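Notes for the one structure printed next.
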Amino acid sequence: MKKKIEEWPHHDYATRLSVAVVYAFLAAIAVNFFYQPGHIYSSGATGFAQILTTLSHRVVGFTVPVSITLFLINVPLFFLAWFKIGHKFTIFTFITVFLTSFFIHIIPQTTLTKDPIICAIFGGAIMGVGIGFALKNGLSSGGLDILSITIRKRTGTSVGSISIIFNVLIMLMAGILFSWQYMFYSALAIFMSGKLTDALYTKQRKMQVMIVTKCPERVINAIQDQMRRGITIINEAEGAYKHDKQTVLFTVVTRFELPLLESIMRENDPDAFVSISENVRIMGRFYEESMD
């Protein structure tokens, strides 16, 4: 029992909980300070929750808060994630969604500006930072993430394509509910959110690395032990200047892993020549960490 307690990843779980709090706070700021006052719709489940909140006033005569609609949207998706994705993933997603709904509920809606362009830019930027920070630390904000992962597993359709379809529907509904100019404002917010998310979440960016080294065994062992990456070896490569024999190694890593690769090279062969090509497209198997 003592051994199991010692092996329990306290630090990892504490980090994820801290990240969930930060994301929830940033999402609440984006929604209550920019999206709602500017009639701007967010992407994914948050945008859909805003739509339901708008419709609730017209259909039932009173406004159901965004915090409530956001949580209710995710309830059936929690069950989907539990059976189709993983238990740990579902638990942390539930915590993240609950905290997000809680912060949206307790932080008062404040109108900093009524300019929809400013609301779209700053709301999208803040939301993008929150989403990117969460993804970078292995957290999901629920909603569209759960649907996208589940659909990808069943059909092979990319997460990006699924997100585009859902977000286009949200933008169309924004145009119908308010006016078509707000569809474009919402598109601007989603664009800003996506750009900031990409800037922070770098695990999806692939980079090809060519290493010319005289210590191939040390470099290969270190990369495979610490990074779990496949390596292609070209032996008996010859330098044109000194005509000395060297080994060329090819591997593909993510931008997120680049600092670790740099550390490995400094430790195992600081004199190696390393060339890095950004944003390469790959075919075949590429190991990606599980969400659970």
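The values are calculated or read from the model by the stated rules, or taken from the named source; none is laboratory data. What you see is a predicted model, and the numbers here were worked out from it, not measured in a lab. When we count neighbours, we look across all protein chains shown, and the Cβ atoms used for this are built from the backbone with ideal geometry, even at glycine. Ligands, DNA and RNA are excluded from the accessible area calculation, which covers all protein heavy atoms including side chains. Shrake-Rupley method; radii C 1.70, N 1.55, O 1.52, S 1.80 Å.
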Subject >> Test for Thr251: is it at pLDDT 85 or above and within 33 Å of the chain's Cα centre (by Cα) >> reply: yes
Subject >> Matching residues, region 55-72, being surrounded by fewer than 21 Cβ atoms within 10 Å (Cβ to Cβ), assigned to a helix (DSSP H, G or I) and not charged (D, E, K, R) >> reply: Leu55, Ser56, His57, Val59, Ile68, Leu72
Subject >> Selection from region 23-55 of residues that are free of Cβ contacts under 8 Å to residues at least 40 places away in the same chain and touching a Phe, Trp or Tyr at 6+ places or on another chain (Cβ under 7 Å) >> reply: Gln50
Original post:
What residue, among those in region 265-286 that are open to solvent by 90 Å² or more (accessible area, probe 1.4 Å) and at pLDDT below 85, is nearest to Ala81 (Cα to Cα)?
Top reply: Arg285
Original post:
Within region 136-150, is even one residue of a type in the set (Asp, Glu) and surrounded by fewer than 17 Cβ atoms within 10 Å (Cβ to Cβ)?
Top reply: no
**OP:** Could you list all residues from region 192-218 that are more than 30 Å from Ala240 (Cα to Cα) and at pLDDT 85 or above?
**Re:** Met192
Subject >> Long-range neighbours under 9 Å by Cβ, at least six apart or interchain, first residue over 19 Å from Ser18 (Cβ atoms) within region 123-137, second of a type in the set (A, V, I, L, M) and modelled with pLDDT under 80 >> reply: Gly128/Ala199; Gly128/Leu200
Subject >> Complete set of residues in region 197-252 that are open to solvent by less than 50 Å² (accessible area, probe 1.4 Å), within 30 Å of Asn167 (Cα to Cα) and aliphatic (A, V, I, L, M) >> reply: Met207
Original post:
Does Leu99 meet the test of being hydrophobic (A, V, I, L, M, F, W, C), open to solvent by 80 Å² or more (accessible area, probe 1.4 Å) and either modelled with pLDDT of 85 or more or assigned to a helix (DSSP H, G or I) (or both)?
Top reply: no
Original post:
Which residues, taken from region 193-243, are in contact (Cβ under 8 Å) with a residue 12 or more places away in the chain and among the acidic types (Asp, Glu)?
Top reply: Asp198
Original post:
Do we have Tyr185 as surrounded by fewer than 16 Cβ atoms within 10 Å (Cβ to Cβ) and among the aromatic types (Phe, Trp, Tyr) here?
Top reply: no
